[in-house]
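A.B. asks: Pasting a structure here, questions to come.
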Amino acid sequence: MKLKERLVMAAMGFSLAVVLLVLLDINLVIPHTEHVNSQHGQVKMGGKDSEKHKSRILQKTPNQSEEYKLSKSEEEKSNADTASKESKDDFNDVVQILMKITQKHNRHWKASKAGRPEESNPTIGEVVSVSEAEMSSVWGRFQYSISKEEMYSDKAPTITEVVDTMRQLPIVGISQKEGGTQLKLIIEFEDGGQALFKPMRFPRTQETLPNHFYFSDYERHNAEVAAYHLDQLLGFRRAVPVTGRILNITRDIYSLAEGDLLKTFFISPAGNL
């Protein structure tokens, strides 16, 4: 084959390839342009005969820009306020409210006590006619002295005896109380009295994590102790007496535990509890 014929064949092949590429490009473009309107930024919602259009504006409107700037400024202000509150809160507002409540309660209490006879607030002992001579134990004296409006009277010596007894009297029996969200033990003293014991889970110095909600806080062993003293300071005297006590876990708990409670104790290979 001569050179001239080869050039003619090459030219014809190149032309045929170009025609095929053009035809393929037209087939790809035509299906996508059937429902597209010639106007920029508008798309038909129906078929060819539909006249309804939906405008798609991609740029921000002036109102959107102002809202963004306003939200940005509020966020910066909030961050600045958070940074300025690095000092520890002394809860002065709570202290002032508690002082006002105490003063109001004391005035109401004195006025109500002055305008009524003593018999209007009888104790359990007075209702069931039990004399003080029949109250042989400290527990009986405390329980029979409970009245309708308070757990114990103001400056009653019985409450001091109850707290000292719970703190010092030897323990002779122990059992687990079911229910609740933490371990509770019913301890029995040598004089027959009983008390509810809640162990310490966290030290007093351990603070709540800042990302915790207040209702998911740690269960504090000293929370009810603080509530008892606060109730006493406010003059309500409606909280049961509570006190702290350090126990020897081997002598006071492990040696007296039975049943399922005894199975919860772990003894290391070295013999430590």
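A.B. asks: Of the conditions (1) open to solvent by 30 Å² or more (accessible area, probe 1.4 Å); (2) without any contact (Cβ under 8 Å) to a residue 24 or more places away in the chain; (3) on the phi < 0 side of the Ramachandran plot, residue 129 clears all except one; give me its number.
C.D. replies: Exception for residue 129: condition (3).
A.B. asks: What are the pairs, 6+ residues apart or on separate chains, where a residue within region 154-181 that is closer than 26 Å to residue 251 by Cβ and in a helix (DSSP H, G or I) has its Cβ under 9 Å from a residue that is at pLDDT below 95 and open to solvent by 70 Å² or more (accessible area, probe 1.4 Å)?
C.D. replies: Once the first residue is closer than 26 Å to residue 251 by Cβ and in a helix (DSSP H, G or I) and sits in region 154-181, its partners that are at pLDDT below 95 and open to solvent by 70 Å² or more (accessible area, probe 1.4 Å) give 161/141; 162/141; 165/191.
A.B. asks: Let me confirm something: among 261, 185, 233, which residue is within 29 Å of residue 151 (Cβ to Cβ) and open to solvent by less than 40 Å² (accessible area, probe 1.4 Å)? Reasoning before the result, please.
C.D. replies: Values: 261 fails: within 29 Å of residue 151 (Cβ to Cβ); 233 fails: open to solvent by less than 40 Å² (accessible area, probe 1.4 Å).
Exactly one residue qualifies, and that residue is 185.
A.B. asks: Another one. Across region 132-151, what is the number of residues that are part of a loop (DSSP other than H, G, I, E, B) and free of Cβ contacts under 8 Å to residues at least 12 places away in the same chain? First the steps, then the outcome.
C.D. replies: Of region 132-151, the ones part of a loop (DSSP other than H, G, I, E, B) are 135-137, 145-146, 148-151.
Those left that are additionally free of Cβ contacts under 8 Å to residues at least 12 places away in the same chain: 135-136.
Residues in region 132-151 being part of a loop (DSSP other than H, G, I, E, B) and free of Cβ contacts under 8 Å to residues at least 12 places away in the same chain: 2 in total.
A.B. asks: From the list 161, 132, which residue is at pLDDT below 85, in contact with a helix residue (DSSP H, G or I) (Cβ under 8 Å, 6 or more places away or on another chain) and within 23 Å of residue 240 (Cα to Cα)?
C.D. replies: The unique qualifying residue is 132.
A.B. asks: Is it fair to say residue 179 is surrounded by fewer than 11 Cβ atoms within 10 Å (Cβ to Cβ) and out of contact with any helix residue (DSSP H, G or I) (no Cβ under 9 Å at 6 or more places or on another chain)? Working first, answer last.
C.D. replies: Values: surrounded by fewer than 11 Cβ atoms within 10 Å (Cβ to Cβ): yes; out of contact with any helix residue (DSSP H, G or I) (no Cβ under 9 Å at 6 or more places or on another chain): yes.
Judged against the criteria, residue 179 is a match.
A.B. asks: Test residue 215 against the criterion of being of a type in the set (Phe, Trp, Tyr), free of Cβ contacts under 8 Å to residues at least 60 places away in the same chain and in a helix (DSSP H, G or I), and give yes or no. Steps first, answer last, please.
C.D. replies: Details: of a type in the set (Phe, Trp, Tyr): yes; free of Cβ contacts under 8 Å to residues at least 60 places away in the same chain: yes; in a helix (DSSP H, G or I): yes.
Yes: the conditions hold for residue 215.
A.B. asks: Still on this model: Only one of these is touching a residue at least 12 places away in the same chain (Cβ under 8 Å) and in contact with a helix residue (DSSP H, G or I) (Cβ under 6 Å, 6 or more places away or on another chain): 195, 227. Name it. Talk me through it step by step, then tell me what you get.
C.D. replies: Numbers: 227 fails: in contact with a helix residue (DSSP H, G or I) (Cβ under 6 Å, 6 or more places away or on another chain).
Answer to the check: 195.
The values are calculated or read from the model by the stated rules, or taken from the named source; none is laboratory data. As the structure is a computational prediction, the values presented were derived from the model and not from experiment. Don't worry about glycine lacking a Cβ; one is built from the backbone with ideal geometry, like all the others, and counts go over all protein chains shown. The area values use the complete protein model at the heavy-atom level, side chains included, leaving out ligands, DNA and RNA. Shrake-Rupley method; radii C 1.70, N 1.55, O 1.52, S 1.80 Å.
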